[in-house]
């Protein structure tokens with residue numbers, strides 16, 4: 001009924017305009033004239049008439065169109081905006097163990113996949129007679145110590161010369177250093193785990209020559225995992241130590257909560273970016289070095305924001321964003337009201353609403369295309 005009245009009223013208005021009642025002629029004549037000022041004046045007159053008709057019809061027309069829609073109530077919530085970048089999972093405890101002493105690997109105590117503890121003996125290298133040298137040096141040390149003890153007792157009794165006492169002392173100390181050095185060399189023939197972890201692969205088998213060119217084995221610990229990435233320099237003021245990060249690993253189908261643990265102090269001149277490290281908890285032991293990760297670094301947070309799905313926002317001819325709000329809403333129905341909103345940042349499929357909505361408003365989520373101002377909403 002409302003549409004019929006508007007069409008009829010517009011037809012009457014157009015007919016009156018074409019009847020020569022105005023000096024400017026009919027609407028068609030105004031268009032043909034190509035006079036911009038006359039066309040603008042005619043458009044304003046038509047719009048004013050239509051506005052008056054709409055207001056009059058609204059007062060007397062109690063029959064409203066109805067639409068079946070879905071709605072949601074908006075609430076204040078935390079809105080986060082993210083910077084999305086790619087990074088690599090890594091750990092500092094992923095190393096190849098190289099021998100400190102060259103020789104034949106005579107003993108191999110572990111195999112690939114075995115868990116080991118820090119300090120555990122992993123293998124031994126042939127010492128080439130170094131053990132016997134240590135035994136000889138210890139024997140000489142024992143003799144030099146006995147000589148020094150006797151010389152010291154005599155010197156304490158003022159017997160003998162000071163030079164004899166000092167020579168005995170020097171000889172003993174020299175032997176002590178020789179034994180310490182030999183033992184330090186001998187200790188290098190024993191291969192120990194530098195930290196607790198898993199033997200990932202065996203590189204040198206028992207019986208093969210171990211030297212500085214060939215590693216013995218790879219040991220990996222997955223306890224201290226982190227992600228490295230680079231971020232454009234314009235985010236340098238927004239990303240700090242402690243900044244929260246969502247770490248998404250598509251290969252695992254999982255997202256982890258991490259924190260920035262280190263921010264580079266310099267900018268890379270080649271690509272105008274800076275590096276960061278993000279610590280990631282590996283509670284389920286699924287993270288592995290060199291995995292590709294997508295980082296969502298939070299660079300903006302509004303702790304009391306109203307946000308709506310971005311696909312719900314509509315745009316009118318003036319470029320204004322708007323939504324339909326259910327006024328006088330109860331559990332099943334309400335009246336549609338067009339509300340112009342001011343938007344902020346968009347993150348994913350969520351857009352921040354800066355003004356136009358308040359907490360508790362009920363907005364139309366589905367069926368908005370069939371809704372107009374004043375439509376009765378059923379939900």
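The values are calculated or read from the model by the stated rules, or taken from the named source; none is laboratory data. This structure is a prediction, so every number in the text was calculated from the model and none was measured. Neighbour counts run over all protein chains shown; Cβ positions are idealised from the backbone, glycine included.
When you scan segment 167-189, do you find a residue that is outside any helix (DSSP H, G or I) and within 45 Å of the chain's Cα centre (by Cα), even just one? Before the answer, list the steps.
Going through segment 167-189, the residues outside any helix (DSSP H, G or I) turn out to be 188-189.
From what's left, within 45 Å of the chain's Cα centre (by Cα): 188-189.
Yes; the residues of segment 167-189 include at least one that is outside any helix (DSSP H, G or I) and within 45 Å of the chain's Cα centre (by Cα).
Any residue at all in segment 191-206 that's over 21 Å from residue 118 (Cα atoms) and surrounded by fewer than 19 Cβ atoms within 10 Å (Cβ to Cβ)?
Looking for residues that are over 21 Å from residue 118 (Cα atoms) and surrounded by fewer than 19 Cβ atoms within 10 Å (Cβ to Cβ), one finds at least one in segment 191-206, hence yes.
Across segment 226-242, which residue is surrounded by the most Cβ atoms within 10 Å (Cβ to Cβ) among those that are within 14 Å of the chain's Cα centre (by Cα) and assigned to a strand (DSSP E or B)?
227
Any residue that is under 30 Å from residue 223 (Cβ atoms) and in contact with a strand residue (DSSP E or B) (Cβ under 6 Å, 6 or more places away or on another chain) - is there at least one of those in segment 125-136?
Filtering segment 125-136 down to residues under 30 Å from residue 223 (Cβ atoms) leaves 125.
Then keep just the ones that are in contact with a strand residue (DSSP E or B) (Cβ under 6 Å, 6 or more places away or on another chain); that gives 125.
Yes, segment 125-136 contains a residue that is under 30 Å from residue 223 (Cβ atoms) and in contact with a strand residue (DSSP E or B) (Cβ under 6 Å, 6 or more places away or on another chain).
For the subset of segment 22-47 comprising residues that are exposed (fewer than 11 other Cβ atoms within 10 Å of the Cβ) and modelled with pLDDT under 85, which member is nearest to residue 373 (Cα to Cα)?
Out of the qualifying residues, it is 32.
Can you list residue pairs whose Cβ atoms sit under 9 Å apart, with the first residue in segment 47-58 being farther than 22 Å from residue 27 by Cβ and in the same structural domain as residue 27 (by TED's automatic domain parsing) and the second being surrounded by 14 or more Cβ atoms within 10 Å (Cβ to Cβ) and at pLDDT 85 or above? Count only pairs 6 or more apart in sequence or on different chains.
58/374
Given the criteria farther than 24 Å from residue 73 by Cα, modelled with pLDDT of 90 or more and touching a helix residue (DSSP H, G or I) at 6+ places or on another chain (Cβ under 7 Å), does residue 267 qualify? Steps first, answer last, please.
Values: farther than 24 Å from residue 73 by Cα: yes; modelled with pLDDT of 90 or more: yes; touching a helix residue (DSSP H, G or I) at 6+ places or on another chain (Cβ under 7 Å): yes.
In short, yes.
Could you tell me whether any residue of segment 111-121 is farther than 30 Å from residue 216 by Cβ and buried (at least 16 other Cβ atoms within 10 Å of the Cβ)? So that I can check it myself, show each step before the final result.
Narrowing segment 111-121 to residues farther than 30 Å from residue 216 by Cβ: none.
The answer is no; no qualifying residue exists.
Quick check: is even one residue across segment 322-342 closer than 16 Å to residue 80 by Cβ and buried (at least 16 other Cβ atoms within 10 Å of the Cβ)? Before you say what the answer is, go through the steps one by one.
The first filter runs over segment 322-342 and keeps only residues closer than 16 Å to residue 80 by Cβ, leaving none.
No: segment 322-342 contains no residue that is closer than 16 Å to residue 80 by Cβ and buried (at least 16 other Cβ atoms within 10 Å of the Cβ).
In segment 243-267, which residues are touching a residue at least 40 places away in the same chain (Cβ under 8 Å) and either under 8 Å from the mean Cα position of the chain (by Cα) or not in a strand (DSSP E or B) (or both)? Lay out the reasoning, then the answer.
Applying the first criterion (touching a residue at least 40 places away in the same chain (Cβ under 8 Å)) to segment 243-267 yields 243-251.
Listed by number, the residues that qualify are 243, 244, 245, 246, 247, 248, 250, 251.
Checking the conditions here, which among 185, 181 is at pLDDT below 95, within 30 Å of residue 204 (Cβ to Cβ) and out of contact with any helix residue (DSSP H, G or I) (no Cβ under 8 Å at 6 or more places or on another chain)?
Residue meeting the stated conditions: 181.
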